[in-house]
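Asks: Have a look at this one.
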Amino acid sequence: MKNEPGGNRRVDSEPAGRGDALHSRMHAWSLPIAVMAAIPAAAAAGLALEGTASWIVASGAAAIGVAATLLASGRAPSAMQQQGDAAGASAGEHAQDHAPNESLLRRAIEVRSAERTSLLESLVDAVMLVDAHGETRFANRAASEMLGEQVAVAGTRAAIESLPPQVMRAVQGVAAARAGERRRIECELRDAESTPVVIVVVSVKNGGDDLAAIVVRNVRAEREADRMKSEFVAKASHELRTPLSSLCATAEMLADGEITEETQRAEFARIILAETARLGALVDRMLDISRIESGMARASFEQVDLAALAAECVNEQQNEANRRRTALSVGRASAGAIAAADRTLMKQVILNLLSNALKYTPEGGTIRVEVDIDNLSRSVVVSVRDNGLGIPAHAVPRLFGKFYRVENHERVAKGTGLGLNLCRNIVESLHGGQIGVDSQVGVGSRFWFAIPLEHAGRKAA
Ligand code: ADP
(Lines give C-alpha, C1' and ligand atoms only; values in the text may rest on other atoms or scores of the structure.)
Protein backbone atom coordinates (compact mmCIF):
# COMPACT_ATOMS: atom_id res chain seq x y z
CA MET A 1 0.00 0.00 0.00
CA LYS A 2 1.24 3.49 -0.67
CA ASN A 3 -0.11 6.93 0.04
CA GLU A 4 -1.32 8.84 -3.01
CA PRO A 5 -1.28 12.63 -3.11
CA GLY A 6 -4.41 13.80 -1.30
CA GLY A 7 -4.17 10.96 1.20
CA ASN A 8 -5.73 8.34 -1.10
CA ARG A 9 -4.32 4.94 -0.13
CA ARG A 10 -4.32 2.27 -2.81
CA VAL A 11 -3.44 -1.37 -3.04
CA ASP A 12 -0.43 -2.07 -5.22
CA SER A 13 -1.07 -5.71 -5.89
CA GLU A 14 -3.92 -6.96 -8.09
CA PRO A 15 -5.35 -10.46 -7.61
CA ALA A 16 -4.26 -12.64 -10.57
CA GLY A 17 -6.72 -13.86 -13.17
CA ARG A 18 -9.15 -10.93 -13.12
CA GLY A 19 -8.29 -9.25 -16.39
CA ASP A 20 -11.75 -8.14 -17.44
CA ALA A 21 -12.25 -4.55 -18.57
CA LEU A 22 -14.37 -3.48 -15.64
CA HIS A 23 -11.97 -4.83 -13.11
CA SER A 24 -8.91 -3.28 -14.66
CA ARG A 25 -10.63 0.08 -14.93
CA MET A 26 -11.97 -0.12 -11.40
CA HIS A 27 -8.59 -1.13 -10.02
CA ALA A 28 -7.46 2.30 -8.91
CA TRP A 29 -10.70 3.11 -7.13
CA SER A 30 -12.00 -0.23 -6.01
CA LEU A 31 -10.72 0.03 -2.47
CA PRO A 32 -12.28 3.27 -1.32
CA ILE A 33 -15.54 2.42 -3.10
CA ALA A 34 -15.87 -0.86 -1.26
CA VAL A 35 -15.12 0.71 2.07
CA MET A 36 -17.42 3.61 1.38
CA ALA A 37 -20.27 1.36 0.51
CA ALA A 38 -19.74 -0.64 3.70
CA ILE A 39 -19.59 2.21 6.16
CA PRO A 40 -23.22 3.35 6.02
CA ALA A 41 -24.21 -0.23 6.71
CA ALA A 42 -22.01 -0.23 9.79
CA ALA A 43 -23.52 3.08 10.84
CA ALA A 44 -27.00 1.67 10.41
CA ALA A 45 -25.98 -1.14 12.73
CA GLY A 46 -25.79 1.43 15.49
CA LEU A 47 -22.17 2.29 15.15
CA ALA A 48 -22.70 5.97 15.06
CA LEU A 49 -21.10 7.66 12.19
CA GLU A 50 -22.97 10.89 12.36
CA GLY A 51 -26.05 10.91 10.19
CA THR A 52 -24.75 13.54 7.83
CA ALA A 53 -21.39 11.86 7.41
CA SER A 54 -22.93 8.51 6.57
CA TRP A 55 -25.26 10.20 4.09
CA ILE A 56 -22.30 11.86 2.38
CA VAL A 57 -20.40 8.60 2.26
CA ALA A 58 -23.41 6.66 1.02
CA SER A 59 -24.32 9.14 -1.68
CA GLY A 60 -20.67 9.51 -2.71
CA ALA A 61 -20.18 5.77 -2.96
CA ALA A 62 -23.33 5.44 -5.01
CA ALA A 63 -22.25 8.25 -7.37
CA ILE A 64 -18.81 6.75 -7.88
CA GLY A 65 -20.26 3.29 -8.30
CA VAL A 66 -22.66 4.52 -10.98
CA ALA A 67 -19.94 6.47 -12.76
CA ALA A 68 -17.51 3.56 -12.72
CA THR A 69 -20.14 1.19 -14.09
CA LEU A 70 -21.03 3.61 -16.84
CA LEU A 71 -17.38 4.03 -17.68
CA ALA A 72 -16.98 0.28 -17.95
CA SER A 73 -20.09 -0.14 -20.07
CA GLY A 74 -19.13 2.67 -22.47
CA ARG A 75 -22.34 4.65 -21.71
CA ALA A 76 -20.50 7.27 -19.79
CA PRO A 77 -20.79 10.55 -21.71
CA SER A 78 -24.55 11.04 -21.98
CA ALA A 79 -25.19 9.61 -18.55
CA MET A 80 -22.71 11.96 -16.99
CA GLN A 81 -24.22 14.90 -18.83
CA GLN A 82 -27.57 14.03 -17.32
CA GLN A 83 -26.05 13.76 -13.87
CA GLY A 84 -24.44 17.21 -14.25
CA ASP A 85 -21.69 16.01 -11.95
CA ALA A 86 -20.07 18.85 -10.02
CA ALA A 87 -16.73 17.11 -9.49
CA GLY A 88 -14.99 18.78 -12.39
CA ALA A 89 -17.05 17.22 -15.19
CA SER A 90 -19.29 20.12 -16.25
CA ALA A 91 -21.66 19.67 -19.18
CA GLY A 92 -19.59 21.97 -21.41
CA GLU A 93 -16.52 19.86 -20.89
CA HIS A 94 -18.06 16.74 -22.44
CA ALA A 95 -16.52 16.27 -25.84
CA GLN A 96 -18.08 13.92 -28.34
CA ASP A 97 -15.17 11.54 -28.84
CA HIS A 98 -14.90 8.75 -26.31
CA ALA A 99 -11.28 9.08 -25.11
CA PRO A 100 -11.40 12.60 -23.59
CA ASN A 101 -14.71 11.75 -21.95
CA GLU A 102 -13.23 8.65 -20.44
CA SER A 103 -10.30 10.53 -18.95
CA LEU A 104 -12.67 13.22 -17.71
CA LEU A 105 -14.80 10.63 -16.04
CA ARG A 106 -11.79 8.85 -14.65
CA ARG A 107 -10.67 12.17 -13.16
CA ALA A 108 -14.12 12.83 -11.70
CA ILE A 109 -14.12 9.42 -10.06
CA GLU A 110 -10.64 9.99 -8.67
CA VAL A 111 -11.69 13.33 -7.20
CA ARG A 112 -14.75 11.78 -5.59
CA SER A 113 -12.74 8.84 -4.38
CA ALA A 114 -10.14 11.12 -2.80
CA GLU A 115 -12.91 13.09 -1.07
CA ARG A 116 -14.42 9.96 0.43
CA THR A 117 -11.02 8.67 1.51
CA SER A 118 -10.35 12.00 3.24
CA LEU A 119 -13.67 11.61 4.99
CA LEU A 120 -12.71 8.11 6.17
CA GLU A 121 -9.37 9.43 7.36
CA SER A 122 -11.08 12.13 9.40
CA LEU A 123 -13.33 9.70 11.32
CA VAL A 124 -12.63 9.06 14.99
CA ASP A 125 -13.75 5.44 14.63
CA ALA A 126 -11.22 2.94 13.30
CA VAL A 127 -12.28 1.70 9.84
CA MET A 128 -10.58 -1.24 8.12
CA LEU A 129 -11.24 -3.34 5.08
CA VAL A 130 -9.92 -6.90 5.08
CA ASP A 131 -10.40 -9.88 2.79
CA ALA A 132 -11.91 -13.20 3.88
CA HIS A 133 -8.42 -14.40 5.00
CA GLY A 134 -8.08 -11.39 7.26
CA GLU A 135 -5.49 -9.62 5.10
CA THR A 136 -5.67 -5.85 5.25
CA ARG A 137 -6.79 -3.87 2.21
CA PHE A 138 -7.34 -0.54 3.89
CA ALA A 139 -7.03 1.01 7.34
CA ASN A 140 -7.78 4.61 8.22
CA ARG A 141 -5.71 6.86 10.46
CA ALA A 142 -7.88 6.19 13.53
CA ALA A 143 -7.18 2.46 13.10
CA SER A 144 -3.43 3.09 13.24
CA GLU A 145 -3.85 5.31 16.27
CA MET A 146 -6.09 2.85 18.10
CA LEU A 147 -4.37 -0.43 17.15
CA GLY A 148 -0.84 0.53 16.12
CA GLU A 149 0.88 1.66 12.90
CA GLN A 150 1.36 -1.92 11.69
CA VAL A 151 -2.36 -2.40 11.01
CA ALA A 152 -2.18 -0.09 7.97
CA VAL A 153 0.29 -2.37 6.14
CA ALA A 154 -1.67 -3.89 3.25
CA GLY A 155 -1.49 -7.62 2.62
CA THR A 156 -0.66 -8.49 6.24
CA ARG A 157 -2.90 -9.86 8.98
CA ALA A 158 -1.68 -7.31 11.53
CA ALA A 159 -5.07 -5.59 11.77
CA ILE A 160 -7.14 -8.71 12.33
CA GLU A 161 -4.59 -10.15 14.76
CA SER A 162 -4.73 -7.02 16.86
CA LEU A 163 -8.47 -7.57 17.38
CA PRO A 164 -10.19 -10.20 19.57
CA PRO A 165 -10.60 -13.65 17.91
CA GLN A 166 -14.38 -13.34 17.47
CA VAL A 167 -13.71 -10.62 14.86
CA MET A 168 -11.72 -13.11 12.75
CA ARG A 169 -14.57 -15.61 13.06
CA ALA A 170 -16.99 -12.96 11.78
CA VAL A 171 -14.61 -12.13 8.91
CA GLN A 172 -14.38 -15.80 7.93
CA GLY A 173 -18.15 -15.80 7.62
CA VAL A 174 -18.31 -13.08 4.97
CA ALA A 175 -17.90 -15.53 2.07
CA ALA A 176 -21.19 -17.17 2.96
CA ALA A 177 -22.88 -13.92 3.95
CA ARG A 178 -25.02 -11.61 1.82
CA ALA A 179 -23.65 -8.14 1.01
CA GLY A 180 -24.41 -5.76 3.85
CA GLU A 181 -24.92 -8.48 6.48
CA ARG A 182 -23.33 -7.43 9.72
CA ARG A 183 -22.31 -8.63 13.13
CA ARG A 184 -21.96 -6.50 16.26
CA ILE A 185 -19.36 -7.46 18.85
CA GLU A 186 -18.90 -5.84 22.27
CA CYS A 187 -15.50 -6.59 23.75
CA GLU A 188 -12.26 -5.14 25.08
CA LEU A 189 -9.06 -4.52 23.15
CA ARG A 190 -5.96 -6.36 24.27
CA ASP A 191 -4.15 -3.10 25.04
CA ALA A 192 -2.77 -1.90 28.36
CA GLU A 193 -6.01 -0.07 29.20
CA SER A 194 -8.33 -2.91 28.09
CA THR A 195 -10.21 -0.30 26.04
CA PRO A 196 -13.90 -1.21 25.80
CA VAL A 197 -15.02 -1.19 22.16
CA VAL A 198 -17.97 -2.00 19.97
CA ILE A 199 -16.94 -3.61 16.70
CA VAL A 200 -19.20 -3.99 13.68
CA VAL A 201 -18.16 -6.35 10.88
CA VAL A 202 -20.02 -5.81 7.61
CA SER A 203 -19.91 -8.16 4.63
CA VAL A 204 -18.83 -6.36 1.44
CA LYS A 205 -18.95 -7.81 -2.06
CA ASN A 206 -16.58 -6.06 -4.43
CA GLY A 207 -16.46 -7.62 -7.88
CA GLY A 208 -15.66 -11.25 -7.14
CA ASP A 209 -14.04 -10.46 -3.81
CA ASP A 210 -15.55 -11.25 -0.41
CA LEU A 211 -14.43 -8.51 1.92
CA ALA A 212 -15.24 -7.38 5.41
CA ALA A 213 -15.47 -3.78 6.57
CA ILE A 214 -14.58 -3.51 10.25
CA VAL A 215 -15.53 -0.46 12.25
CA VAL A 216 -14.17 -0.17 15.80
CA ARG A 217 -15.54 2.40 18.23
CA ASN A 218 -13.99 3.23 21.58
CA VAL A 219 -16.93 3.30 24.02
CA ARG A 220 -15.02 4.16 27.19
CA ALA A 221 -16.80 7.53 27.56
CA GLU A 222 -20.25 5.93 27.15
CA ARG A 223 -19.38 3.21 29.66
CA GLU A 224 -18.15 5.83 32.12
CA ALA A 225 -21.39 7.82 31.68
CA ASP A 226 -23.40 4.63 32.35
CA ARG A 227 -21.33 3.94 35.45
CA MET A 228 -21.89 7.47 36.74
CA LYS A 229 -25.63 7.18 36.14
CA SER A 230 -25.81 3.94 38.13
CA GLU A 231 -23.71 5.50 40.88
CA PHE A 232 -26.07 8.50 40.97
CA VAL A 233 -29.13 6.26 41.28
CA ALA A 234 -27.46 4.25 44.05
CA LYS A 235 -26.45 7.36 46.00
CA ALA A 236 -29.83 9.05 45.48
CA SER A 237 -31.67 5.95 46.71
CA HIS A 238 -29.43 5.83 49.76
CA GLU A 239 -30.04 9.53 50.53
CA LEU A 240 -33.79 9.10 50.12
CA ARG A 241 -33.87 6.02 52.31
CA THR A 242 -32.45 7.77 55.40
CA PRO A 243 -35.23 10.36 55.88
CA LEU A 244 -37.82 7.79 54.80
CA SER A 245 -36.70 5.35 57.53
CA SER A 246 -36.82 8.09 60.13
CA LEU A 247 -40.29 9.17 58.96
CA CYS A 248 -41.52 5.61 59.04
CA ALA A 249 -40.21 4.90 62.56
CA THR A 250 -41.65 8.12 63.99
CA ALA A 251 -45.04 7.68 62.35
CA GLU A 252 -45.20 4.07 63.56
CA MET A 253 -44.65 5.12 67.16
CA LEU A 254 -47.41 7.70 66.89
CA ALA A 255 -49.75 5.24 65.22
CA ASP A 256 -49.15 2.53 67.84
CA GLY A 257 -50.20 4.94 70.58
CA GLU A 258 -46.81 4.51 72.24
CA ILE A 259 -46.54 8.27 72.74
CA THR A 260 -49.12 9.42 75.22
CA GLU A 261 -47.71 12.71 76.42
CA GLU A 262 -48.96 15.67 74.39
CA THR A 263 -45.58 17.50 74.27
CA GLN A 264 -43.87 14.35 73.04
CA ARG A 265 -46.49 13.88 70.37
CA ALA A 266 -45.90 17.46 69.21
CA GLU A 267 -42.15 16.83 69.13
CA PHE A 268 -42.62 13.74 66.99
CA ALA A 269 -44.88 15.63 64.66
CA ARG A 270 -42.14 18.26 64.28
CA ILE A 271 -39.63 15.52 63.43
CA ILE A 272 -41.98 14.25 60.74
CA LEU A 273 -42.36 17.76 59.30
CA ALA A 274 -38.60 18.38 59.31
CA GLU A 275 -37.80 15.06 57.64
CA THR A 276 -40.53 15.62 55.06
CA ALA A 277 -39.07 19.03 54.29
CA ARG A 278 -35.60 17.50 53.95
CA LEU A 279 -36.95 14.85 51.63
CA GLY A 280 -38.77 17.47 49.58
CA ALA A 281 -35.62 19.62 49.31
CA LEU A 282 -33.58 16.62 48.24
CA VAL A 283 -36.04 15.64 45.53
CA ASP A 284 -36.35 19.27 44.35
CA ARG A 285 -32.56 19.56 44.02
CA MET A 286 -32.31 16.28 42.17
CA LEU A 287 -35.03 17.43 39.77
CA ASP A 288 -33.42 20.87 39.31
CA ILE A 289 -30.07 19.29 38.51
CA SER A 290 -31.50 16.74 36.12
CA ARG A 291 -33.53 19.42 34.32
CA ILE A 292 -30.36 21.44 33.73
CA GLU A 293 -28.26 18.43 32.77
CA SER A 294 -30.86 17.17 30.31
CA GLY A 295 -31.10 20.63 28.72
CA MET A 296 -34.74 21.10 29.74
CA ALA A 297 -34.11 24.04 32.05
CA ARG A 298 -33.71 27.49 30.53
CA ALA A 299 -32.51 30.66 32.22
CA SER A 300 -34.65 33.71 31.64
CA PHE A 301 -32.15 36.50 31.21
CA GLU A 302 -32.52 40.07 32.38
CA GLN A 303 -30.19 42.81 33.61
CA VAL A 304 -29.41 41.83 37.19
CA ASP A 305 -27.61 44.10 39.64
CA LEU A 306 -25.68 41.43 41.52
CA ALA A 307 -24.53 43.86 44.23
CA ALA A 308 -28.16 44.73 45.05
CA LEU A 309 -29.13 41.06 44.91
CA ALA A 310 -26.27 40.12 47.27
CA ALA A 311 -27.46 42.78 49.74
CA GLU A 312 -31.01 41.39 49.52
CA CYS A 313 -29.76 37.85 50.28
CA VAL A 314 -27.66 39.09 53.21
CA ASN A 315 -30.76 40.81 54.64
CA GLU A 316 -32.81 37.65 54.32
CA GLN A 317 -30.18 35.60 56.16
CA GLN A 318 -29.54 38.18 58.89
CA ASN A 319 -31.89 36.58 61.44
CA GLU A 320 -30.28 33.18 60.96
CA ALA A 321 -26.83 34.79 61.30
CA ASN A 322 -27.88 36.53 64.52
CA ARG A 323 -29.25 33.27 65.88
CA ARG A 324 -25.84 31.70 65.25
CA ARG A 325 -24.01 34.77 66.58
CA THR A 326 -22.25 35.18 63.29
CA ALA A 327 -21.41 38.56 61.78
CA LEU A 328 -22.83 38.68 58.26
CA SER A 329 -22.38 41.68 55.95
CA VAL A 330 -21.69 42.92 52.43
CA GLY A 331 -18.02 43.78 52.51
CA ARG A 332 -17.43 45.31 49.09
CA ALA A 333 -19.90 45.96 46.29
CA SER A 334 -18.77 47.55 43.03
CA ALA A 335 -21.19 49.91 41.38
CA GLY A 336 -22.38 48.74 37.97
CA ALA A 337 -22.00 45.03 38.77
CA ILE A 338 -24.79 44.28 36.35
CA ALA A 339 -24.83 41.04 34.41
CA ALA A 340 -27.25 39.43 32.00
CA ALA A 341 -28.56 36.64 34.22
CA ASP A 342 -31.58 34.83 35.60
CA ARG A 343 -32.43 36.71 38.81
CA THR A 344 -34.16 33.82 40.58
CA LEU A 345 -31.34 31.41 39.83
CA MET A 346 -28.66 33.91 40.87
CA LYS A 347 -30.47 34.36 44.17
CA GLN A 348 -30.59 30.61 44.63
CA VAL A 349 -26.81 30.39 44.17
CA ILE A 350 -26.01 33.26 46.57
CA LEU A 351 -28.42 31.93 49.23
CA ASN A 352 -26.91 28.48 48.89
CA LEU A 353 -23.37 29.77 49.42
CA LEU A 354 -24.51 31.93 52.35
CA SER A 355 -26.38 29.05 53.96
CA ASN A 356 -23.28 26.84 53.63
CA ALA A 357 -21.06 29.55 55.11
CA LEU A 358 -23.45 29.83 58.06
CA LYS A 359 -23.61 26.05 58.52
CA TYR A 360 -19.87 25.48 58.45
CA THR A 361 -18.74 28.53 60.43
CA PRO A 362 -18.77 28.08 64.22
CA GLU A 363 -20.45 30.65 66.45
CA GLY A 364 -18.69 33.99 66.67
CA GLY A 365 -17.47 33.76 63.08
CA THR A 366 -17.56 36.33 60.30
CA ILE A 367 -19.05 36.04 56.82
CA ARG A 368 -18.58 38.72 54.16
CA VAL A 369 -20.01 38.97 50.69
CA GLU A 370 -18.04 40.84 48.02
CA VAL A 371 -19.11 41.81 44.54
CA ASP A 372 -16.46 42.89 42.03
CA ILE A 373 -16.18 43.55 38.33
CA ASP A 374 -13.35 41.66 36.67
CA ASN A 375 -12.48 43.68 33.59
CA LEU A 376 -10.11 41.06 32.24
CA SER A 377 -12.73 38.32 31.98
CA ARG A 378 -15.58 40.86 31.55
CA SER A 379 -17.57 39.34 34.34
CA VAL A 380 -19.09 40.09 37.72
CA VAL A 381 -17.50 38.07 40.52
CA VAL A 382 -19.49 37.35 43.69
CA SER A 383 -17.52 35.94 46.66
CA VAL A 384 -18.72 34.59 49.98
CA ARG A 385 -15.90 34.56 52.55
CA ASP A 386 -16.05 32.87 55.92
CA ASN A 387 -13.58 32.10 58.68
CA GLY A 388 -15.12 28.73 59.40
CA LEU A 389 -14.01 25.09 59.24
CA GLY A 390 -12.34 25.24 55.84
CA ILE A 391 -12.01 22.37 53.39
CA PRO A 392 -9.09 19.91 53.12
CA ALA A 393 -7.23 20.08 49.77
CA HIS A 394 -8.11 16.48 48.85
CA ALA A 395 -11.83 17.28 49.08
CA VAL A 396 -11.79 20.35 46.81
CA PRO A 397 -11.88 18.52 43.43
CA ARG A 398 -14.95 16.52 44.54
CA LEU A 399 -16.77 19.34 46.28
CA PHE A 400 -18.93 20.33 43.30
CA GLY A 401 -19.83 16.72 42.47
CA LYS A 402 -23.09 15.05 43.45
CA PHE A 403 -23.72 13.90 47.03
CA TYR A 404 -20.23 14.73 48.20
CA ARG A 405 -19.81 15.92 51.77
CA VAL A 406 -16.53 16.49 53.61
CA GLU A 407 -16.03 13.81 56.27
CA ASN A 408 -16.72 15.18 59.76
CA HIS A 409 -18.93 17.93 58.33
CA GLU A 410 -21.85 15.51 58.45
CA ARG A 411 -21.68 15.82 62.23
CA VAL A 412 -21.62 19.62 62.06
CA ALA A 413 -24.73 20.20 59.92
CA LYS A 414 -27.35 18.39 57.92
CA GLY A 415 -27.11 18.60 54.18
CA THR A 416 -27.79 16.89 50.90
CA GLY A 417 -24.41 17.18 49.19
CA LEU A 418 -26.25 18.50 46.13
CA GLY A 419 -26.26 22.26 46.79
CA LEU A 420 -22.88 23.03 45.26
CA ASN A 421 -23.54 20.77 42.29
CA LEU A 422 -26.74 22.68 41.58
CA CYS A 423 -24.81 25.97 41.93
CA ARG A 424 -22.23 24.77 39.43
CA ASN A 425 -24.93 23.74 36.98
CA ILE A 426 -26.69 27.10 37.28
CA VAL A 427 -23.49 29.13 36.94
CA GLU A 428 -21.61 27.13 34.34
CA SER A 429 -24.25 25.37 32.24
CA LEU A 430 -26.98 28.00 32.24
CA HIS A 431 -24.90 31.21 32.43
CA GLY A 432 -21.59 30.25 30.84
CA GLY A 433 -19.84 31.39 34.04
CA GLN A 434 -17.42 29.78 36.45
CA ILE A 435 -17.56 28.71 40.08
CA GLY A 436 -14.76 27.81 42.48
CA VAL A 437 -13.39 27.80 45.99
CA ASP A 438 -10.18 28.73 47.83
CA SER A 439 -10.00 27.24 51.27
CA GLN A 440 -7.77 26.27 54.13
CA VAL A 441 -8.69 23.99 57.00
CA GLY A 442 -9.13 25.94 60.25
CA VAL A 443 -8.78 29.30 58.48
CA GLY A 444 -11.88 29.53 56.30
CA SER A 445 -13.18 29.46 52.74
CA ARG A 446 -13.92 31.80 49.88
CA PHE A 447 -16.56 30.47 47.50
CA TRP A 448 -16.83 32.58 44.35
CA PHE A 449 -18.66 32.59 41.06
CA ALA A 450 -18.23 34.72 37.95
CA ILE A 451 -21.05 35.64 35.56
CA PRO A 452 -20.21 37.19 32.17
CA LEU A 453 -21.37 40.78 31.75
CA GLU A 454 -22.79 39.82 28.39
CA HIS A 455 -24.32 36.44 27.73
CA ALA A 456 -25.60 34.83 24.54
CA GLY A 457 -25.56 38.11 22.66
CA ARG A 458 -27.22 40.06 25.49
CA LYS A 459 -25.42 43.15 26.65
CA ALA A 460 -25.39 44.40 30.19
CA ALA A 461 -26.71 47.95 30.67
P1 ADP B 1 -24.63 20.31 51.77
O2 ADP B 1 -26.09 20.28 51.61
O3 ADP B 1 -24.06 19.06 52.36
O4 ADP B 1 -24.13 21.54 52.41
P5 ADP B 1 -23.29 21.23 49.41
O6 ADP B 1 -23.19 20.61 48.08
O7 ADP B 1 -23.82 22.61 49.50
O8 ADP B 1 -24.11 20.23 50.28
O9 ADP B 1 -21.83 21.20 50.04
C10 ADP B 1 -21.06 20.05 49.93
C11 ADP B 1 -20.08 19.95 51.05
O12 ADP B 1 -19.11 20.98 50.93
C13 ADP B 1 -20.67 20.18 52.41
O14 ADP B 1 -21.24 19.01 52.92
C15 ADP B 1 -19.48 20.64 53.23
O16 ADP B 1 -18.72 19.50 53.64
C17 ADP B 1 -18.65 21.40 52.21
N18 ADP B 1 -18.83 22.87 52.30
C19 ADP B 1 -19.65 23.63 51.57
N20 ADP B 1 -19.54 24.93 51.92
C21 ADP B 1 -18.63 24.99 52.90
C22 ADP B 1 -18.05 26.04 53.65
N23 ADP B 1 -18.40 27.32 53.52
N24 ADP B 1 -17.11 25.71 54.56
C25 ADP B 1 -16.73 24.43 54.74
N26 ADP B 1 -17.22 23.39 54.05
C27 ADP B 1 -18.16 23.66 53.14
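Asks: Out of all the residues in segment 206-231, which are assigned to a strand (DSSP E or B) and at pLDDT below 90?
Replies: Scanning segment 206-231 gives N206, D209.
Asks: Right, here's the next one. Would you pick out the residues in segment 371-418 that are more than 8 Å from the ligand (Cβ to nearest atom) and hydroxyl-bearing (S, T, Y)?
Replies: S377, S379, S383, listed by residue number.
Asks: Among the residues of segment 406-416, is there at least one that is among the basic types (K, R) and over 15 Å from L351 (Cα atoms)? Walk me through it before giving the result.
Replies: The first filter runs over segment 406-416 and keeps only residues among the basic types (K, R), leaving 411, 414.
Among the residues that remain, those that are also over 15 Å from L351 (Cα atoms) are: 411, 414.
Scanning segment 406-416 turns up at least one residue that is among the basic types (K, R) and over 15 Å from L351 (Cα atoms).
Asks: I need the full set of residues from segment 304-337 which are modelled with pLDDT of 95 or more and in a strand (DSSP E or B), in order please.
Replies: Start the filter on segment 304-337 by keeping residues that are modelled with pLDDT of 95 or more, which leaves 304-330.
Hits for segment 304-337 are V304, D305, A327, L328, S329, V330.
Asks: Now for a different question. Going residue by residue through segment 335-350, is there one that turns out to be over 29 Å from A225 (Cα atoms) and within 16 Å of the ligand (Cβ to nearest atom)?
Replies: So far as segment 335-350 goes, yes, one or more of its residues are over 29 Å from A225 (Cα atoms) and within 16 Å of the ligand (Cβ to nearest atom).
Asks: Taking segment 207-220, which residues are out of contact with any helix residue (DSSP H, G or I) (no Cβ under 7 Å at 6 or more places or on another chain) and over 15 Å from E186 (Cβ atoms)?
Replies: Those that are out of contact with any helix residue (DSSP H, G or I) (no Cβ under 7 Å at 6 or more places or on another chain) and over 15 Å from E186 (Cβ atoms): G208, D209.
Asks: A follow-up question, please. How many residues are of a type in the set (D, E, K, R) and either assigned to a helix (DSSP H, G or I) or on the phi > 0 side of the Ramachandran plot (or both) when one looks only at segment 340-366?
Replies: Initially, segment 340-366 is screened for residues of a type in the set (D, E, K, R), giving 342-343, 347, 359, 363.
Now narrow it down to the ones that are either assigned to a helix (DSSP H, G or I) or on the phi > 0 side of the Ramachandran plot (or both): 343, 347, 359.
Residues in segment 340-366 being of a type in the set (D, E, K, R) and either assigned to a helix (DSSP H, G or I) or on the phi > 0 side of the Ramachandran plot (or both): 3 in total.
Asks: Here's another thing I want to ask about it. Do any residues in segment 265-288 that are without any contact (Cβ under 8 Å) to a residue 60 or more places away in the chain have Cβ atoms under 8 Å from those of residues that are outside any helix (DSSP H, G or I), where the two are at least six apart or on different chains, and which pairs are they?
Replies: Pairs that qualify, where the first residue is without any contact (Cβ under 8 Å) to a residue 60 or more places away in the chain and the partner is outside any helix (DSSP H, G or I), are R265/I259; F268/I259.
Asks: I need the full set of residues from segment 185-204 which are exposed (fewer than 15 other Cβ atoms within 10 Å of the Cβ) and either among the hydrophobic types (A, V, I, L, M, F, W, C) or not in a loop (DSSP other than H, G, I, E, B) (or both), in order please. Please lay out each step first, then the result.
Replies: Start the filter on segment 185-204 by keeping residues that are exposed (fewer than 15 other Cβ atoms within 10 Å of the Cβ), which leaves 186, 188, 190-194.
If the condition is that a residue be exposed (fewer than 15 other Cβ atoms within 10 Å of the Cβ) and either among the hydrophobic types (A, V, I, L, M, F, W, C) or not in a loop (DSSP other than H, G, I, E, B) (or both), then E186, E188, A192 are the ones that fit.
Asks: I'd like the full set of residues that are touching a residue at least 60 places away in the same chain (Cβ under 8 Å) and within 23 Å of D374 (Cα to Cα), limited to segment 289-303.
Replies: Correct list: A299, F301, Q303.
Asks: Which members of segment 363-417 meet the condition of being surrounded by fewer than 17 Cβ atoms within 10 Å (Cβ to Cβ), among the hydrophobic types (A, V, I, L, M, F, W, C) and within 19 Å of S334 (Cβ to Cβ)?
Replies: L376 - this is the single residue of segment 363-417 that is surrounded by fewer than 17 Cβ atoms within 10 Å (Cβ to Cβ), among the hydrophobic types (A, V, I, L, M, F, W, C) and within 19 Å of S334 (Cβ to Cβ).
Asks: Kindly provide the set of residues from segment 419-434 that are more than 7 Å from the ligand (Cβ to nearest atom) and either within 20 Å of the chain's Cα centre (by Cα) or part of a loop (DSSP other than H, G, I, E, B) (or both), ordered by number. Break it down stepwise before answering.
Replies: Just the residues of segment 419-434 that are more than 7 Å from the ligand (Cβ to nearest atom), to begin with: 422-434.
Across segment 419-434, the qualifying residues are L422, R424, N425, I426, V427, E428, S429, L430, H431, G432, G433, Q434.
Asks: Provide a single number: the residues in segment 150-181 that are touching a residue at least 24 places away in the same chain (Cβ under 8 Å), out of contact with any Lys or Arg (no Cβ under 8 Å at 6 or more places or on another chain) and hydroxyl-bearing (S, T, Y).
Replies: Residues flagged as touching a residue at least 24 places away in the same chain (Cβ under 8 Å), out of contact with any Lys or Arg (no Cβ under 8 Å at 6 or more places or on another chain) and hydroxyl-bearing (S, T, Y) within segment 150-181 amount to 0.
The values are calculated or read from the model by the stated rules, or taken from the named source; none is laboratory data. Source: prediction; values computed, not measured. Every residue, glycine as well, gets a Cβ built from its backbone with ideal geometry; the counts of neighbours run over all protein chains shown.
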